[in-house]
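**Q** A single structure is presented below for examination.
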Amino acid sequence: MATAVWTSAVAGAGWAARVLIVGLALVPVVIVTLACVPALLVLPFSRRRSAHATAIVRQLIAWTRGLLLTSRER
């Protein structure tokens, strides 16, 4: 009986732990995204640097997808 209670408590904490981990991992991604905003506002107006702005956006998308996909695998 006590084992069943403990097992259900651990299973219930699984989603909370995942939310906590994703929340903590999301903080650096948000900081990097905010740090890139000035560059993304200026770079697209330069023909030579628009490819660089596209690369920044693609990298941010890749990091966000990686973060969200790996959190679901556990």
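Values in this text are rule-based calculations from the coordinates and carry no lab data. Quick caveat: nothing in here was measured; it's all calculated off a predicted structure.
**Q** Shape of the stretch 23-74 from its Cα gyration tensor (a ≥ b ≥ c, root eigenvalues): rounded if a/c is under 1.5, otherwise prolate when a/b > b/c, or oblate?
**A** Here the stretch 23-74 falls in the oblate category.
**Q** Along the stretch 53-67, what does the Karplus equation 6.51 cos²θ - 1.76 cosθ + 1.60 (θ = phi - 60°) give for ³J(HN,Hα), rounded to whole Hz, x for Gly and Pro?
**A** Residue by residue, the stretch 53-67 yields 5, 5, 5, 4, 5, 4, 5, 4, 5, 5, 5, 5, 4, x, 4 Hz.
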